[in-house]
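Notes follow the structure.
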Amino acid sequence: MSPKHVVYKKVSRDKSVAVYMAKRDFVDHCDFVDPVDGVVLIDPVQLKGRKVYVMLSCTFRYGRQDMDVMGVAFRRDLFVVTRQVYPELQDKEKLIHNKIQQKLLRKLGDNAFPFFFEFPDNLPCSVALQPGPSDVGKKCAVEFEVKAFCGEIQDDKIDKQSSVRLTIRKIQFSPENSKVVPTAETTFEFLMSEKPLHVKLSLPKETFYHGEPLKANVEITNSSSRNIKDISVSVEQVTNVVLYSNDKYVKSVAKEETSDSVPSGTSLKKEYTLYPLLAHNKDRRGLALDGRLKHEDTNLASSSIVKQEVLKEVQGMLVFYKVVVRMIASGEPEDMVFEDFKRAYLKGIVYGDDDESPTEA
């Protein structure tokens, strides 16, 4: 028996156009991005002589929709491209790029037309700040959308009754680089102590995928006269909003607090295991997520990878992760923070169910 493919379908209110797509997550593999493709089904009677267009857009929104005041919208279209699909401007065969499109066209008949888009190199990936329990309306996010609509010309005002919107995600995937082993170390010197405290932190690799435990190796050589206690290790997510503002959000997404101690003249070598998961941070406002589709789970945002010659402002938001070791030295209580560590990347690929009605192709 041949495998069944799930196809996502959404129909306009007046039934004039319907969009069919085989997937809603499109992966940025660093050297190429999955193209966006699908099929539009039209009803010539409902169209009443109008043309049909499909638009792919990438939008950055900063704040809720009701924050748009005095004609100044806290949003920017980072990328918009529109193509006419009916009447056809080129042969259907040139816009068919996979077997699911071919199968849909055969099943839906002569009123079905394919569409195809490619992402430019400079676009960010989907990312959204997690709203708080009491937050309503649009959130701070970089969002992608496929829209099919009818009109006499491309620039006509879009009628909501004759249009359909389908939210999609562009998500980051990075292959592992096993040659890179992030390591950092530092030395603390105390007053009235002849010898220093030496701390070294290392990870087994640079890239960690969603759901994968992060193992941090901590080595402490305490040659000082102070006793070290209450060692904690955490993974912190740092989100910089680089468009419209210079907001910066630093959130701990995984933390292990211990009573481990290193008395004067001794050393410690220990591996700590951390689990940076959204499941442990569900209600925390301001966390960066890998975009969000309605009624669908997502992940913590992947680290931003900005390609050469791309302006950071075009990315909307930049996300990275760091590992932090904290400890307390006896004597005067000091919270000694060790965080001069190379970024511990969380990169991954997301697959999941969808909010729109699926059909079987």
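Do the conditions hold for L318, that is, is it modelled with pLDDT under 75, open to solvent by less than 50 Å² (accessible area, probe 1.4 Å) and under 15 Å from the mean Cα position of the chain (by Cα)?
Details: modelled with pLDDT under 75: no; open to solvent by less than 50 Å² (accessible area, probe 1.4 Å): yes; under 15 Å from the mean Cα position of the chain (by Cα): yes.
Judged against the criteria, L318 is not a match.
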If we keep just the residues of region 217-230 that are modelled with pLDDT of 90 or more and hydrophobic (A, V, I, L, M, F, W, C), which is nearest to E256 (Cα to Cα)? V218
Between S252, S259, which is at pLDDT 80 or above and not in a loop (DSSP other than H, G, I, E, B)? S252
Qualifying residue in region 133-147 (condition: farther than 22 Å from A288 by Cα and either open to solvent by 10 Å² or more (accessible area, probe 1.4 Å) or at pLDDT 80 or above (or both)): yes
Any hit, region 268-282, residues being surrounded by fewer than 17 Cβ atoms within 10 Å (Cβ to Cβ), at pLDDT 80 or above and β-branched (V, I, T): yes
What tally of residues in region 98-122 results from selecting those that are touching a Lys or Arg at 6+ places or on another chain (Cβ under 7 Å), more than 14 Å from V85 (Cβ to Cβ) and modelled with pLDDT of 85 or more? 1
Out of all the residues in region 157-189, which are open to solvent by 60 Å² or more (accessible area, probe 1.4 Å), over 24 Å from F320 (Cβ atoms) and of a type outside the set (D, E, K, R)? Q161, T187
Looking at (1) outside any strand (DSSP E or B); (2) in contact with a Lys or Arg (Cβ under 8 Å, 6 or more places away or on another chain); (3) modelled with pLDDT of 85 or more, which is the only condition G63 fails? (3)
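Do you know which residues across region 156-197 are small (G, A, S) and over 32 Å from the mean Cα position of the chain (by Cα)?
Scanning region 156-197 gives a single hit, S193.
So that you can scan it fast, the table gives a plain yes or no per residue for (1) out of contact with any helix residue (DSSP H, G or I) (no Cβ under 7 Å at 6 or more places or on another chain); (2) at negative phi; (3) exposed (fewer than 14 other Cβ atoms within 10 Å of the Cβ); (4) in the same structural domain as K51 (by the TED database):
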{"residue": "F149", "(1), (2), (3), (4)": "no, yes, no, yes"}
{"residue": "I153", "(1), (2), (3), (4)": "yes, yes, yes, yes"}
{"residue": "P204", "(1), (2), (3), (4)": "yes, yes, yes, no"}
{"residue": "T207", "(1), (2), (3), (4)": "yes, yes, no, no"}
Failed condition for E236, given (1) part of a strand (DSSP E or B); (2) open to solvent by 50 Å² or more (accessible area, probe 1.4 Å): (2)
Cβ pairs under 7 Å, 6+ apart or interchain, first in region 23-43 and touching a residue at least 12 places away in the same chain (Cβ under 8 Å), second among the acidic types (D, E) and surrounded by 15 or more Cβ atoms within 10 Å (Cβ to Cβ), ordered by first then second residue, are R24/D354; F26/D34; V27/D34
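Just to verify a result, which residue in region 18-27, among those that are part of a strand (DSSP E or B) and either touching a helix residue (DSSP H, G or I) at 6+ places or on another chain (Cβ under 7 Å) or open to solvent by 10 Å² or more (accessible area, probe 1.4 Å) (or both), is modelled with the lowest pLDDT?
Step one: list which residues in region 18-27 are part of a strand (DSSP E or B), which gives 18-21, 25-27.
When the remaining residues are screened for being either touching a helix residue (DSSP H, G or I) at 6+ places or on another chain (Cβ under 7 Å) or open to solvent by 10 Å² or more (accessible area, probe 1.4 Å) (or both), the result is 20, 25.
Details: Y20: 92, D25: 88.
Per the criteria, the residue is D25.
The values are calculated or read from the model by the stated rules, or taken from the named source; none is laboratory data. The shown structure was predicted, so the numbers you read here are calculated from the model rather than taken from an experiment. Here the Cβ is made from the backbone with ideal geometry for all residues, glycine too, and neighbour counts use every protein chain on show. When the accessible area is computed, the model is the full protein with side chains, heavy atoms only, and any ligands, DNA or RNA have been set aside. Shrake-Rupley method; radii C 1.70, N 1.55, O 1.52, S 1.80 Å.
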